[in-house]
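Below you'll find the structure, written out as structure tokens, and then a few comments.
The values are calculated or read from the model by the stated rules, or taken from the named source; none is laboratory data. These numbers come from a predicted model, not from an experiment. We place every Cβ from the backbone using ideal geometry, glycine too, and count neighbours over all the protein chains shown. Accessible surface is based on the protein model in full, side chains and every heavy atom, while ligands, DNA and RNA are left aside. Shrake-Rupley method; radii C 1.70, N 1.55, O 1.52, S 1.80 Å.
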Amino acid sequence: QVQLVESGGGLVQAGGPLRLSCAASGRIFRANAMGWFRQAPGKQRELVAVITRAGSTNYADSVTGRFTISRDNAKNTVYLTMNSLTPEDAADYYCNAKILRTIGGLEYDYWGQGTQVTVSS
């Protein structure tokens with residue numbers, strides 16, 4: 001079994017920063033791509049940012065220049081540093097990781113339980 005545990009969500013004023021963390025644990029041989037998605041009420045879940053194991057990143061246009069995704073491979077942890085937050089960034093943020101549980105095994109997709117980000121105007 002593999003678990004993803006997110007932390008760092010909460011209430012922040014518009015313009016402020018927030019940092020999310022997501023730690024993967026359990027039967028992990030290697031964590032490949034890891035990323036963050038978000039879902040606001042009444043909207044579909046959308047990709048926020050993704051990072052490969054080698055450190056290549058990709059961002060949604062709406063967060064480019066404000067958010068930074070990073071990771072610590074030794075800790076199987078991914079971070080999302082969010083700056084200049086706006087009310088439009090308020091959502092439940094979900095961590096995603098593509099995990100190899102064994103050498104030569106299949107890659108599995110795992111999700112965290114979500115952490116809420118609220119931005120007050």
Item to check | the stretch 28-121 - accessible surface per residue (Å², probe 1.4 Å) | outcome: 52 Å²
Item to check | Cβ crowding within 10 Å averaged over residues, with 16-25, 39-48 ranked highest first | outcome: 16-25, 39-48
Checklist entry - Hey, any idea what % of the chain's accessible area is carbon plus sulfur with a 1.4 Å probe? => result 49 percent
Checklist outcome for this item: Quick calc: nm separation of the 7 Å Cα→Cβ label points for residue 120 and residue 45 -> 3.0 nm
Item to check | the chain, dipole about Cα centre (Lys/Arg Cβ +1, Asp/Glu Cβ -1), debye to the nearest 20 | outcome: 380 debye
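If DNA, RNA and ligands are ignored and the probe is 1.4 Å, what is the ranking of 51, 28 by accessible area, most exposed first?
Most to least solvent-accessible, the answer reads 28, 51.
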